[in-house]
Amino acid sequence: MRISLIIVRRLGTHGNHKMSRVQRTVGFGGRMFLDGPEWLTYCKRKPVRYIRTSKAAVCQVCGLPGSSENPLQNAHIIGFDVGVIDLGMTPDFLDSEKNIVTAHRRTCNKQSELDLKGSMGRLRNLGVKELPRYLQAAIQEAWGAAVEPCPARERGAM
Ligand SMILES: [Zn+2]
């Protein structure tokens, strides 16, 4: 593994790090992305998933209520494998309501989780312009290649 750490060196200790107030502060100051050292740690051992969002009344994929044989459950839109390992995202963001959908456990749940390409598209729709530089070259290339932002959201908030 050849991962350059030079670029992730902090400029100072604590005070310089600008905190986003857009999201609720948990353990990552509302950040959407991990810093280099955090990411390396999670590559060794993935973080625990912890969804706090309450479930919707009906499936957000097909619009029908749950049943005893196919109950509704909350699922990640960008999953932890893609989100944390491939894209360097914080577990806080992945577990936040922006990334949770209520879906039937069978069928609909599978449809709701995005693959890498779909996840990149979603990040663009959320206003992300660039990925952390510590990510692998292949990811950076895929990100560059996946440039087709949703026109309505291209200038969206972030
Ligand atoms: Zn459904």
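Rule-based calculations on the coordinates, nothing more; no lab input. As the structure is a prediction and not an experimental result, all values here were calculated from the model. Ideal geometry is used to build each Cβ from the backbone, glycine not excepted, and the neighbour counts take in all protein chains shown.
Points worth noting:
- For Ser119, net neighbour charge (Lys/Arg +1, Asp/Glu -1) across residues whose Cβ lies under 12 Å away: -1
- Close amide H contacts of Phe33 (hydrogens built in the peptide plane, cut-off under 5 Å, sequence separation of 5 or more or a different chain): Thr90.
- Amide proton proximity set for Ile77, modelled H, under 5 Å, gap of 5+: Ile100, Val101
- Most tightly packed first, judged by the mean number of other beta-carbon atoms within 10 Å of their residues, the peptides 54-61, 96-103 read 96-103, 54-61.
- Taking Lys and Arg as +1 and Asp and Glu as -1, the other residues whose beta-carbon sits under 13 Å from that of Pro71 total +2.
- Take 78-87, 133-142, 113-122 and order them by the average number of nearby Cβ atoms within 10 Å per residue, most first; the result is 78-87, 113-122, 133-142.
- Net charge of neighbours whose Cβ lies under 10 Å from the Cβ of Gly88, counting Lys and Arg as +1 and Asp and Glu as -1: -2
- Convex hull per residue volume in Å³, alpha carbons only, for the stretch 28-142: 111
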